[in-house]
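The values are calculated or read from the model by the stated rules, or taken from the named source; none is laboratory data. Predicted, not measured: the structure shown is a model, and the values here were computed from it. Here the Cβ positions follow ideal geometry from the backbone for every residue, glycine too, while neighbour counts run over all protein chains shown.
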Amino acid sequence: TQLLEQSPQFLSIQEGENLTVYCNSSSVFSSLQWYRQEPGEGPVLLVTVVTGGEVKKLKRLTFQFGDARKDSSLHITAAQPGDTGLYLCAGVLWLNRKLIWGLGTSLAVNP
Amino acid sequence: NAGVTQTPKFQVLKTGQSMTLQCAQDMNHNSMYWYRQDPGMGLRLIYYSASEGTTDKGEVPNGYNVSRLNKREFSLRLESAAPSQTSVYFCASSEAVFGGYTFGSGTRLTVV
């Protein structure tokens, strides 16, 4: 059973556009991590959010953890071709401390 | 470069053959993990080691064994490879259990 839903599954945009991807669940998380994975490589950790309502910024990337700690979003401003990749979210379940993964959003930024 | 090193990067096995995937980290992390990644299935945990001397089953442990050789090294063994084990395998480490991971670059395994 997939407990962490990511949307959209695929996204293709032009350079300079803004976008938001989502990570949703009915479960409560004690923390949530975002990763970016490029073809042929392992995922790279971008950020960890731990407090409900928390907002973290990493250059043009803004991460938000929902107030109820059940969801998160990633907003990219003025996307660049270097942002292309698979964006994965992973949450540590509050209930049993296990980590679960979403299937990812595959982003293509065209020059 | 600091990080997680996996070997080999590519491997083709015949059904029934055995092999060991090696993983080493130089970040002094306590916890290490083995995942497999398959299209449409995402990342699935095979085994993990919360700390040196301990190992635990993950979501898909059948057909695999692991050894936490020391704090740095965590190996994954396929005793009798099956086509269903064709996948990309990732080793990862973290300072705390299920904390933010550092991943290796993966091993692409094909079982024919």
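Worth a mention:
- Checklist (1) surrounded by fewer than 16 Cβ atoms within 10 Å (Cβ to Cβ); (2) at positive phi; (3) of a type outside the set (Phe, Trp, Tyr) applied to B:Val12, failing item: (2)
- Test: residue in the stretch B:68-75 that is modelled with pLDDT of 95 or more, in contact with a Lys or Arg (Cβ under 7 Å, 6 or more places away or on another chain), in a strand (DSSP E or B) and away from chain A (no Cβ under 14 Å): yes
- Any chance B:Arg44 is closer than 24 Å to A:Leu3 by Cβ, crowded, with 19+ Cβ neighbours inside 10 Å, within 14 Å of another protein chain (Cβ to nearest Cβ) and basic (Lys, Arg): no
- The stretch B:85-100, subset more than 11 Å from every other protein chain (Cβ to nearest Cβ) and not in a strand (DSSP E or B), residue modelled with the lowest pLDDT: B:Glu95
- The listed residue being crowded, with 18+ Cβ neighbours inside 10 Å and more than 14 Å from chain B (Cβ to nearest Cβ), out of A:Asp71, A:Asp67: A:Asp71
- Flag if B:Ala82 is under 30 Å from A:Gln6 (Cβ atoms), of a type in the set (A, V, I, L, M) and either modelled with pLDDT of 95 or more or in contact with a strand residue (DSSP E or B) (Cβ under 6 Å, 6 or more places away or on another chain) (or both): yes
- Scanning the stretch A:28-61 for residues that are more than 16 Å from the chain's Cα centre (by Cα) and small (Gly, Ala, Ser) turns up just one, A:Gly40.
- Reported count of residues in the stretch B:82-105, each being buried (at least 22 other Cβ atoms within 10 Å of the Cβ) and not polar (S, T, N, Q), is 8.
- Among the numbered conditions (1) of a type outside the set (Lys, Arg); (2) within 13 Å of chain B (Cβ to nearest Cβ); (3) without any contact (Cβ under 8 Å) to a residue 24 or more places away in the chain; (4) surrounded by 13 or more Cβ atoms within 10 Å (Cβ to Cβ), the only one that A:Gly40 does not meet is (4).
- Selection of the stretch A:72-107 for residues being among the β-branched types (Val, Ile, Thr) and under 12 Å from the mean Cα position of the chain (by Cα) yields A:Ile76, A:Thr105.
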